[in-house]
Structures are given as C-alpha cells and as structure tokens.
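Undergrad: Please find one structure pasted underneath; my questions will follow.
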Amino acid sequence: MTNKIRYFIANWKMYGDLGSLKSIKNVIKFSRLSKSKKFKIIYCPPYTLLSDFVDTLKKSSIETGAQNIHENYDFGAHTGFINSKMLKNLGVKYVIIGHSENRTLGEDHKQINKKILSAIKSKLNVIFCIGETSFQRKNKKTNIILKKQIMNGLKGIGKKCKIIVAYEPVWSIGTGVVPNNLELEKNIKFIKSIISKKFNNYKILYGGSVSPNNIKKLNMIDLLDGYLIGGASQSSKNLLI
Ligand code: 13P
C-alpha cells in the first residue's frame, strides 16, 4: 500500500432524507480526529440534500458533490433540471457525470461531453464514470469501450484540467461482484495509459460493490486513487472502511 491520499466518494443515488444527515456526524468526527490525513471524503447526496450537506460540512474537510447536471451551461426552460452554475452557487464542489445508470437511460457521449465542459466552465471538479457491461466484457470489448468513452467524453478538455475518472464496470455495480485484482489492475493501467497522455492532473478511482469485505484487497492496487461507493456509503460505519 502506498502513502498517497485515497478518495472515498459516497454516491447516495436516490436514497436519503433530512434524517440521513445524522449519519454523517460520525464521519465528520472521524475525519477531525483521525491522525492520518491520507483520505479525502466527498458526499454526493441527492439534489434535495445538497444545501444541507454543504452547510453541515462547511467546517470540516469533507466536501459535497452532485450526481448529475443538465448539459446546458446557460439557464433555460428545462423543467426539472439543474445546471452547473446552480450547483456552484450552492457551494457544491464536485459533480458525477456519465454514471452508467444515466447512460442506460439514454445519456450519450455527446451529452456527457457537454456536461463535462459545462462543469469545468463552472469550476466544478468532474467525477467522470466509465465502464463496460457484462456483455461487452464477455466479448472482449472492454478496452474498446473504455477508450471510446474516454475519447468522446473528454473531447476538447484542456490538458491542465483536473479530472477524476471512476472506473465502474456495469456488471459490478450493486451486484456484490468485484473484478479480481489482476483484471482490475489491467483495466486501470489501460485507462491510465490514455488519461496520462491527455491530462497532467488526474485521479483514477474504482467503483462497484466496494464494501468492508473487499476493501483490503482493493487497497493492494497501488495504481488506485480511491473509490466511488454506492450502497455501502449509506452507513457511516461502512464508509470509513
Ligand atoms: P455500489 O457500490 O452500490 O455497487 O454502487 C457503485 C456505484 O454505482 C457508485 O457510483
């Protein structure tokens, strides 16, 4: 295990209400008391809780992110949507873009690219999700898919921009199944080989069924800069793996 700072990003998806704020108190306490500062915690709750999270976390080292944005940078007639400027104005620092749960709903490369450009224009940090489906993996298309997602999603983005890539194999999300370290390391290396040519400042995370049961094994992969955690991040006990 290296000494580098590892990211723990909690993606709460469509879970949580005002009562859930209680559960982050332990995490705030933990991050304050911990002598090791080798971690960075970011909470991405649903939109309805963003303001409360920003407020609750403002005196801590923990930061807040959103789970998606509309692709348009400008304000406009888009009922039910939120743009990057609105999040920035609220004090949000990060945004997840390209999550497979949104790609499945029809979000395409072009929209994802527009969202990333808009987020960068608003000075939000982008957590860009990529990953292959089980079918693509079985057909040995993983590299082709990952490269296509990266090249299209990050088109036109300056080398100096900071990018967090979250590798989330679709077949691993919410299934309890995690790639073995050999496969994961191979895919992370492949992602790094592309990203390192495009950006000076980048992080590569893993997401998909991360839990206290597999974190020790995953931590053995030095190339990883941290985790994007879904289900397990709901409980403060499990997030502090
Ligand atoms: P799980 O950790 O629940 O598998 O979800 C992963 C994920 O989709 C995080 O963005």
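Undergrad: Every residue in the range 63-101 that is in a loop (DSSP other than H, G, I, E, B) and under 24 Å from I173 (Cα atoms), please.
TA: Residues of the range 63-101 that are in a loop (DSSP other than H, G, I, E, B), as a first pass: 67-83, 91-93, 98-99.
The answer is Q67, N68, I69, H70, G98, H99.
Undergrad: Quickly run through the range 165-189 and pick out the residues that are touching a strand residue (DSSP E or B) at 6+ places or on another chain (Cβ under 7 Å) and either away from the ligand (no atom under 12 Å from the Cβ) or at pLDDT below 95 (or both).
TA: Of everything in the range 165-189, those that are touching a strand residue (DSSP E or B) at 6+ places or on another chain (Cβ under 7 Å) and either away from the ligand (no atom under 12 Å from the Cβ) or at pLDDT below 95 (or both) turn out to be V165, L184, N187, I188.
Undergrad: OK, next. For the range 123-135, which residues satisfy the criterion of being within 28 Å of H70 (Cβ to Cβ) and surrounded by fewer than 18 Cβ atoms within 10 Å (Cβ to Cβ)?
TA: Our first condition is that a residue be within 28 Å of H70 (Cβ to Cβ); within the range 123-135, this holds for 123-133.
The answer is K123, T133.
Undergrad: Return the pair list, or none, for Cβ contacts closer than 6 Å from residues in the range 204-225 that are under 21 Å from F128 (Cα atoms) and open to solvent by 30 Å² or more (accessible area, probe 1.4 Å) to residues that are modelled with pLDDT of 95 or more and more than 12 Å from the ligand (Cβ to nearest atom), at least 6 apart or on different chains.
TA: From residues that are under 21 Å from F128 (Cα atoms) and open to solvent by 30 Å² or more (accessible area, probe 1.4 Å), the pairs are L223/I188.
Undergrad: Related question: Note down all Cβ pairs under 8 Å where the first residue falls in the range 124-140 and is farther than 28 Å from I42 by Cα and without any contact (Cβ under 8 Å) to a residue 60 or more places away in the chain, the second is open to solvent by 10 Å² or more (accessible area, probe 1.4 Å) and within 13 Å of the ligand (Cβ to nearest atom), and they're at least six residues apart or on different chains.
TA: Sorted first by the residue in the range 124-140, then by its partner, the pairs are S134/V170; S134/W171; R137/W171.
Undergrad: Quickly run through the range 39-62 and pick out the residues that are under 18 Å from the mean Cα position of the chain (by Cα) and assigned to a loop (DSSP other than H, G, I, E, B). I'd like the intermediate steps shown before the answer.
TA: As a first pass, look at the range 39-62 and keep what is under 18 Å from the mean Cα position of the chain (by Cα): 39-47, 49-50, 53-54, 61-62.
Once the filter is applied, which keeps residues that are under 18 Å from the mean Cα position of the chain (by Cα) and assigned to a loop (DSSP other than H, G, I, E, B), the range 39-62 yields P45, P46, S61, I62.
Undergrad: Within the range 3-19, which residues are of a type in the set (S, T, N, Q) and within 16 Å of the ligand (Cβ to nearest atom)?
TA: Initial filter on the range 3-19 (of a type in the set (S, T, N, Q)): 3, 11.
Hit for the range 3-19 is N11, nothing else.
Undergrad: Go through (1) open to solvent by 10 Å² or more (accessible area, probe 1.4 Å); (2) of a type in the set (A, V, I, L, M, F, W, C); (3) farther than 18 Å from S235 by Cβ one by one and return the number of the condition F39 breaks.
TA: Of (1) open to solvent by 10 Å² or more (accessible area, probe 1.4 Å); (2) of a type in the set (A, V, I, L, M, F, W, C); (3) farther than 18 Å from S235 by Cβ, only one is false for F39: (3).
Undergrad: Mind counting the residues in the range 86-122 that are at positive phi and open to solvent by 10 Å² or more (accessible area, probe 1.4 Å)?
TA: First, the residues of the range 86-122 that are at positive phi: 91, 98, 106.
Now drop any that are not open to solvent by 10 Å² or more (accessible area, probe 1.4 Å), which leaves 91, 106.
Adding up the residues that qualify gives 2.
Undergrad: Could you count how many residues in the range 185-215 are closer than 17 Å to K4 by Cβ and of a type in the set (D, E, K, R)?
TA: 4
The values are calculated or read from the model by the stated rules, or taken from the named source; none is laboratory data. In this text, all values refer to a predicted model and were calculated from it rather than measured experimentally. Every residue, glycine among them, receives a Cβ derived from its backbone with ideal geometry; neighbour counts consider all protein chains shown. Each accessible area value is taken on the protein alone, full model and side chains, heavy atoms only, with ligands, DNA and RNA left out. Shrake-Rupley method; radii C 1.70, N 1.55, O 1.52, S 1.80 Å.
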